[in-house]
1. Could you count how many Lys pairs in the chain have their Cα atoms under 27 Å apart, skipping same-chain pairs fewer than 8 positions apart?
2. Go from 0 up to the bin containing the longest alpha carbon distance in the stretch 175-235, width 10 Å each, and give me the % of pairs per bin.
3. Can you tell me what share of the DSSP beta bridges in the chain is antiparallel? A percent to the nearest 5 is fine.
4. With θ set to phi - 60° and the Karplus curve 6.51 cos²θ - 1.76 cosθ + 1.60, what are the ³J(HN,Hα) couplings of the stretch 188-199 in order, to the nearest whole Hz, using x for Gly and Pro?
5. Which residues' amide hydrogens lie under 5 Å from the amide hydrogen of R29, considering only partners 5 or more residues apart or on another chain, with H built in the peptide plane?
6. Keeping every protein chain present and rolling a 1.4 Å probe, give me the accessible area per residue for the stretch 90-195 in Å².
7. Just add up the charged neighbours of T134: K/R +1, D/E -1, any other residue whose Cβ is under 14 Å from the Cβ of T134.
8. Given contacts defined as C-alpha pairs under 8 Å and at least six residues apart, what's the relative contact order of the stretch 1-113, whole-number percent?
Amino acid sequence: MSPILFYGVPEGCSFGSIVALEWSGLPYRLCRVEMPEIVSSEEYKRINMAGETPSLLLEDGSTISESMAILHHIGARTIGNHLGVAQGSMDFDRLNQMLAFLNTTFFQAFGPLWYAVEHPLDANEKRALTAYGTAAVEKAHHTLERLLEDREWLVGNGPSLADAYFVGIARWNDFHKVVDRRQFPALHRLYQRMQQEPAVRFAHAIEHRQEAKSSGGFRGEVDLSEALGLLKQAA
Ligand SMILES: N[C@@H](CCC(=O)N[C@@H](CS)C(=O)NCC(=O)O)C(=O)O
């Protein structure tokens with residue numbers, strides 16, 4: 001069997017893992033997980049104890065959770081092509097550094113804004129969270145713009161796992177309408193360029209249940225009960 005990526009909808013950060021899998025050319029399948037209902041169910045927690053997406057079910061029935069672990073797993077399986085970078089090299093350290101920034105500072109900046117839309121709060125609480133999140137998202141964009149230093153891609157001279165993860169998080173700005181991305185020219189250019197990537201178009205189509213044309217190793221969708229059966233068989 002090919003690995004199964006559990007991706008969350010709507011607006012899941014697993015978007016980046018779908019893009020990375022497409023770019024990798026590795027065979028894989030997808031399992032859709034509705035948030036917050038299914039992701040917090042006891043069934044899904046057998047896949048991911050934290051009740052979060054993404055997760056990856058491997059050929060032997062074992063699972064990996066956390067975007068960073070999944071992305072590095074994909075990278076390690078593609079050493080030698082443009083995505084895989086050997087651990088121990090400076091290129092790997094640069095990639096890991098950028099991924100860590102995206103997975104902590106950039107991701108977390110949106111946390112208060114998500115909390116404010118997903119929970120019943122009074123007006124003062126909502127205002128405080130919105131102000132906190134807005135300042136954090138602005139600061140994270142300024143930092144990322146400086147880190148990009150006018151380059152075309154986040155790391156090195158071509159697309160990497162960092163660009164794949166970036167595009168899934170950066171789109172949250174369009175949902176929350178915090179910054180005008182055009183004020184961050186390098187970041188804006190990267191975001192726009194990524195929208196033209198077939199892998200990104202594919203991930204959007206999958207999330208919106210539209211006709212999705214894979215340019216990678218996509219082998220179809222499975223439902224959660226089928227995936228859980230594979231987990232059991234291997235246990
Ligand atoms: N540290 C985890 C965070 C994963 C995470 O927060 N996933 C969100 C979607 S982006 C989720 O599953 N949330 C559950 C929910 O919304 O109920 C990672 O980087 O993979």
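The values are calculated or read from the model by the stated rules, or taken from the named source; none is laboratory data. Since the structure is predicted, the reported quantities are computational estimates derived from the model, not experimental observations. Quick reminder, even Gly has a Cβ in these numbers, built from the backbone with ideal geometry, and neighbours come from all protein chains shown. Surface accessibility is based on the protein's heavy atoms, side chains included, excluding ligands, DNA and RNA. Shrake-Rupley method; radii C 1.70, N 1.55, O 1.52, S 1.80 Å.
1. Counting lysine pairs in the chain gives 4.
2. Computed distribution, short to long bins: 17, 30, 27, 18, 8, 0.
3. 35 percent
4. Ordered by residue, 3J(HN,Hα) equals 4, 4, 4, 4, 5, 4, 5, 5, 7, 5, x, 5 Hz.
5. The answer is I4, L5, R219.
6. Ligands and nucleic acids excluded, the figure is 52 Å² per residue.
7. Result for the local shell: +2.
8. 23 percent.
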